[in-house]
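The values are calculated or read from the model by the stated rules, or taken from the named source; none is laboratory data. Small disclaimer: the values here were computed from a predicted structure and weren't measured. FYI the Cβ positions are ideal-geometry reconstructions off the backbone, even for glycines, and counts take in every protein chain you see.
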Amino acid sequence: MAEMHAKGMYKEAFLMLDTCEAASMFDDITAPNLFLLGTSKHGESAVSDKVDGMLNTHMQDKPTAALSYWLDNLYARKPNFNLG
């Protein structure tokens with residue numbers, strides 16, 4: 001990420017990890033202007049909130065579900081919101 005920032009490939013970036021010990025993935029990241037969110041701490045398991053019976057797999061945990069719900073409803077709260 002530091003190399004990407006040095007080359008002007010991003011101004012700001014958001015990285016979210018939803019896995020066991022997700023925050024440990026950020027230990028060696030030193031690049032500027034990053035917003036990092038891990039859904040579990042060092043030594044902590046990620047606990048799934050939902051299971052997809054058709055795919056027979058676990059989906060997302062509660063922090064990810066809450067963020068997903070918030071993002072899905074962002075346009076409903078701010079109809080003139082523009083990402084560009």
Extreme residue, nearest to ALA66 (Cα to Cα), among residues of segment 17-30 that are of a type in the set (A, V, I, L, M) and surrounded by 14 or more Cβ atoms within 10 Å (Cβ to Cβ): LEU17
Close pairs from segment 24-43: first under 15 Å from MET4 (Cβ atoms) and modelled with pLDDT of 85 or more, partner surrounded by 13 or more Cβ atoms within 10 Å (Cβ to Cβ) and polar (S, T, N, Q), Cβ under 9 Å, at least 6 apart: none
Single condition TRP70 does not satisfy, out of (1) out of contact with any helix residue (DSSP H, G or I) (no Cβ under 8 Å at 6 or more places or on another chain); (2) aromatic (Phe, Trp, Tyr); (3) not in a helix (DSSP H, G or I): (3)
Selection from segment 44-58 of residues that are at pLDDT 80 or above and assigned to a loop (DSSP other than H, G, I, E, B): GLU44, SER45, GLY53, MET54, LEU55, ASN56
Residue among LYS41, LYS11 that is under 15 Å from the mean Cα position of the chain (by Cα), loosely packed, with under 13 Cβ neighbours inside 10 Å, assigned to a loop (DSSP other than H, G, I, E, B) and of a type in the set (Lys, Arg): LYS41
